[in-house]
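Coordinate-derived values only; no laboratory data. Note that the structure is predicted; figures quoted are calculated from it, not measured. Note: ideal-geometry Cβ built from the backbone for every residue, glycine included; neighbour counts use all protein chains shown.
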Amino acid sequence: MKKISQLLGLIIACIIVVACSDENSNFNGQETSKSHNVKILSISPPTSEFLYVGKDYDIEVKVEYSFKANEGQVGLVIQRGESGHSSVAYSTQPILNKKGTLTLKANITVPKTNAIQIFTPLTAQGDTFTSVVSTRSYRVIDNRE
């Protein structure tokens with residue numbers, strides 16, 4: 001189960017890196033960045049606050065989306081600022097409406113890192129790639145020493 005979780009985290013990280021590298025990428029002939037949209041409206045705790053290594057946090061992200069496909073999902077991906085690690089948390093919520101808002105939540109224990117990154121990718125049913133993502137990040141402090 002741990003290897004599957006690590007593999008899933010690596011796949012998600014690769015998708016996000018590729019998605020962020022080309023904002024207007026085409027996939028299967030569709031310009032996903034023009035037909036779908038996702039935006040983080042609010043995040044708790046606020047990103048102006050530092051997170052501390054070893055502490056538990058409830059991360060809550062409210063997103064707004066517009067969607068041209070019939071079915072899809074919005075994900076919440078939380079990962080370290082450095083590459084090569086599995087996701088700290090990952091969850092998805094299916095969407096069936098063309099427009100709306102939803103709240104995604106995760107509880108995390110902050111690992112040793114310099115930053116925690118939050119991603120909210122939006123994908124249509126069956127797609128394996130998206131360039132539609134909204135991001136935020138937290139600075140992380142290690143007071144354990």
Suppose every Lys and Arg Cβ carries +1 and every Asp and Glu Cβ carries -1, with no other charges. What dipole size does the range 57-145 come out with about its Cα centre, to the nearest 20 debye?
180 debye
Extension gain SER83-SER48, at 0.36 nm per residue separation less the Cα-Cα distance, in nm?
10.3 nm
Sort THR123, THR128, THR103, THR113 so that the residue with the fewest other Cβ atoms within 10 Å of its own Cβ comes first and the one with the most comes last.
THR128, THR103, THR113, THR123
